[in-house]
């Protein structure tokens, strides 16, 4: 059996656990050949002041043409942070050119958190992300990004179990599966609302909340989810694996006292998701 190929389209931060520095080791540990298409290079992730930013849009175009000349096709296309609306159009093109016939496209619509969009995002980029998710098989928004995708007020979003389940189904539009992250039943829990378009009824996948607000957990979650789907897991089971791994990483990081801005200390726990444990 050939090793599955996954294309990860994210930014690359030289320091800090997020984006490609998370996706590459996690997807590799889960038994995949991970090919990276960086959208931008940052000297450090954005939690650190004074970071540099280098746009790689033109290099993305050249790399895509080279990959097509090589005849590459991927079992999964997995995208995250984008630096411009033009890059989102490139990802849509990438999905159509490089996803295998039975492959999956996972789009993590990275736009913001806590009701605010990230400083680099514009109205045009939010609109372009709404277009990009139309070509996704699975999307993994947090609550803030759900509001942007639906073009509604963050304050108008539900904050209870039934509301989260309805919101996940609404984000599907009947065309894609949804894993809505950062939800809770209000009892010291955290997790995701999962809507599998092929199975119908949405459900919550929760674990206990670990104190702290760690950077990069969304990238860890979406990477494990993607790896689980490529392994053949059902969406609910892949989401449960991701929820538990993020929880364990947060607990480990909390116990070591590692700086929160560096992201969760996931490397010592990679054995929990290695391919031979499936």
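Which three lengths, in whole Å and largest first, does region 174-256 cover when its Cα atoms are put on their principal axes?
Here the Cα extents, ordered largest to smallest, are 41, 28, 16 Å.
What is the Cα centroid distance between region 112-161 and region 1-57, reported in whole angstrom?
Centre-to-centre (Cα) distance: 21 Å.
If I stretch the segment between residue 175 and residue 61 completely, what's the gain in nm (0.36 nm per residue apart, minus their alpha carbon distance), one decimal?
38.2 nm
When the distances between all Cα atoms of region 12-55 are binned every 10 Å from zero, what whole-number percent does each bin get?
30, 47, 20, 3
Given C-alpha coordinates of region 138-278, what is the ratio Rg to Rh with the Kirkwood estimate of Rh?
Rounded to two decimals, Rg/Rh equals 0.97.
Per DSSP H run of at least 4 residues, take -39500 (n - 2.57); add these up for the chain, divide by its residues and hand me the 222 nm value, nearest 500 deg cm²/dmol.
Result for the chain: -11500 deg cm²/dmol, rounded to the nearest 500.
Name the most mobile residue of 171, 204, 157, meaning the one with the largest mean-square fluctuation, in a Gaussian network model of the chain with Cα contacts below 10 Å.
157
Choose one answer from 25, 259, 49: the residue with the largest mean-square fluctuation in a GNM of the chain with alpha-carbon springs under 10 Å.
Result for the chain, Cα springs under 10 Å: 49 fluctuates most.
Would region 59-209 count as rounded, prolate or oblate if I go by the C-alpha gyration tensor, calling it rounded below 1.5 in a/c and otherwise prolate when a/b exceeds b/c, oblate otherwise?
prolate
From the alpha carbon gyration tensor of the chain, can you work out the equivalent ellipsoid semi-axes (sqrt of 5 times each eigenvalue) and give them in Å, largest to smallest?
Result for the chain: semi-axes of 25, 21, 21 Å.
Along its principal axes, what span do the Cα atoms of region 53-126 show, with the longest given first and each in whole Å?
Extents along the principal axes, in whole Å: 40, 26, 18.
Bear in mind that the values in this text are calculations on the coordinates, not laboratory data. Values in this document were obtained by computation on a predicted structure and should not be read as measured data.
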